[in-house]
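The values are calculated or read from the model by the stated rules, or taken from the named source; none is laboratory data. The shown structure was predicted, so the numbers you read here are calculated from the model rather than taken from an experiment. Here the Cβ positions follow ideal geometry from the backbone for every residue, glycine too, while neighbour counts run over all protein chains shown. Surface accessibility is based on the protein's heavy atoms, side chains included, excluding ligands, DNA and RNA. Shrake-Rupley method; radii C 1.70, N 1.55, O 1.52, S 1.80 Å.
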Amino acid sequence: MNIAAWLRRAGRGFGALPAVMHGDRILQDYAGFAQRAACLATGLRSRFDLKPGDRVAIVAKNTPAYLDALYGIWWAGLAAVPINAKLHAAEIAWILENADARLVFADDSLGTAIAERRPATLAHILPLGGLDFEALMTGEPMPLAERGPDDLAWLFYTSGTTGRPKGAMLTHRNLTAMSYAYLTDVDPTAPGDTLLHAAPMSHGSGLYIMPHVARFAVNAVPLSGGFEANEILDFFERRPGTSMFAAPTMIKRLVEAPRDLAPGTIRTIIWGGAPMHVADTLAAVDKFGPSFAQIYGQGESPMTISALPKWVVGDRDHPRHLDRLASAGMISSAVEVRIADADDQALGTGEIGEILVRGDPVMAGYWRNERATTETLKGGWLHTGDVGTLDEDGFLTLKDRSKDLIISGGTNIYPREVEEVLLHHPAVREVSVIGRPDPEWGEVVVAYVVGEVDANALDAHCLAEIARFKRPKAYVFVEELPKNNYGKILKTALRDMDTEAAGA
């Protein structure tokens, strides 16, 4: 099924319902949204001679035109390649070439930079929005292109923190299953509810467009095109029933904003992309109420491995409430999860191993990378590279990426456990823990800390809460932690910084 069929359905049956907002203004109802997508599809197929399955990229900040482009691409039977607009022009050019993109919709500010590094296969660069873009929608609407469930819909490039990004091939089946899981496990949605796109639409926020179209809800874009804490809080206040996908750093900034909202104003804020420490979750719930949910997923199983719904986050009377807040929630209704040893054999309750996943949301494979596909989907299971454990209630707790595990003196130390303890100290704002090579112990624990506190105080704090061998052997105080464009702390960059400092 073509994922754009949900937009056609909405346009036919509930065309008068609001579909797209820019700030407080309703730009399109569902009849208009569907019409624009169908006309844009005509322009793409006829003017540029694009064939079903051809890749069309979008490199732009959040804008209402992003929605038109995405659904026009799908309506035409093409595959979308949303690319983070904050990437360097060289990184964008590499993705465009790797994806063999025929056309790219780009912000005006990026079009020139892309043209300077234009791959030979890229035939057209068009500004997203503006007169030329609108001109593509002046023709007759085309019928919805037929696509099979296993046809490519979204070529999702991983963040590439450890080398060149890989293109996860997400099919129409993958996106459909992900959408059902969102509506079942994360955030039940009704017609008229709103999703605010303050996080990049090239990533998690954009993936939640589809379930909102399926439920005849509204997709809204802030006037700023991104995240401004006061603008977001103003929108929540003026439009109750709004949800938002956010990185943990965004939630912290909302909590730190010097203003409150009435209870029940926010429908749901879903965090993902990185764990949120228990202390930060409690602070968010204290300020805004039980309106927070967590998802754990990867680009290879988008947004859909496990979920911690807001009714669990808010259940403070449960005897294991804090343990559950530290978890990634219950297994998604759309997948199976196995905790496995090095030979892919299933481990028992409470045992620590790699998280393996299979189900309809799991990608078809990596674009033009058979070796990586074979390794990652070995035995029919997605090998996430994450380490975790399942408890007796079926809650999944992430320990760390397998590459982030610290082995000191032959003992495994999980950085997140140490980070949780350090964040209990009131003077610590952010922290990230890594392993530093050591000739005697193999590795020692090092904590990079943002906050006004000294090492002796943190050492005493750790000794009071965790085993002596887990405490950091060194504390490095920094103004900020290195993060990627989605707000995820880059431990790889921290390890590089640490190595450079040691050699200085």
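Out of GLU417, GLU392, GLU370, one residue alone is under 20 Å from ALA467 (Cα atoms), free of Cβ contacts under 8 Å to residues at least 60 places away in the same chain and open to solvent by 50 Å² or more (accessible area, probe 1.4 Å). It is GLU417.
For the stretch 297-311, the criterion of being out of contact with any Lys or Arg (no Cβ under 6 Å at 6 or more places or on another chain), surrounded by 24 or more Cβ atoms within 10 Å (Cβ to Cβ), of a type in the set (Phe, Trp, Tyr) and not in a loop (DSSP other than H, G, I, E, B) is met by none of the residues.
Looking at GLY359, GLY385, GLY365, just one residue is at positive phi and free of Cβ contacts under 8 Å to residues at least 40 places away in the same chain, and that residue is GLY385. Count of the stretch 228-240 residues, restricted to those that are open to solvent by 20 Å² or more (accessible area, probe 1.4 Å) and touching a strand residue (DSSP E or B) at 6+ places or on another chain (Cβ under 8 Å), is 2. For PRO191, the requirement of being part of a loop (DSSP other than H, G, I, E, B), surrounded by fewer than 20 Cβ atoms within 10 Å (Cβ to Cβ) and touching a Ser or Thr at 6+ places or on another chain (Cβ under 7 Å) is not met. The residues of the stretch 205-227 that are touching a strand residue (DSSP E or B) at 6+ places or on another chain (Cβ under 7 Å) and in a helix (DSSP H, G or I), listed by number, are SER205, GLY206, LEU207, ILE209, HIS212. When the residues of the stretch 259-296 are filtered to those that are among the hydrophobic types (A, V, I, L, M, F, W, C) and assigned to a loop (DSSP other than H, G, I, E, B), the one that is nearest to HIS203 (Cα to Cα) is ALA274. Out of LEU96, LEU87, LEU144, one residue alone is buried (at least 16 other Cβ atoms within 10 Å of the Cβ) and not in a loop (DSSP other than H, G, I, E, B). It is LEU96.
Considering (1) at negative phi; (2) in contact (Cβ under 8 Å) with a residue 40 or more places away in the chain; (3) not acidic (Asp, Glu), the lone condition that GLY273 does not fulfil carries the number (1). Looking at this structure, is ALA80 at negative phi and open to solvent by less than 10 Å² (accessible area, probe 1.4 Å)? Against the criterion (at negative phi and open to solvent by less than 10 Å² (accessible area, probe 1.4 Å)), ALA80 qualifies. For ASP286, state whether it is over 24 Å from LEU405 (Cα atoms), in contact with a His (Cβ under 7 Å, 6 or more places away or on another chain) and free of Cβ contacts under 8 Å to residues at least 40 places away in the same chain. So ASP286 fails the test.
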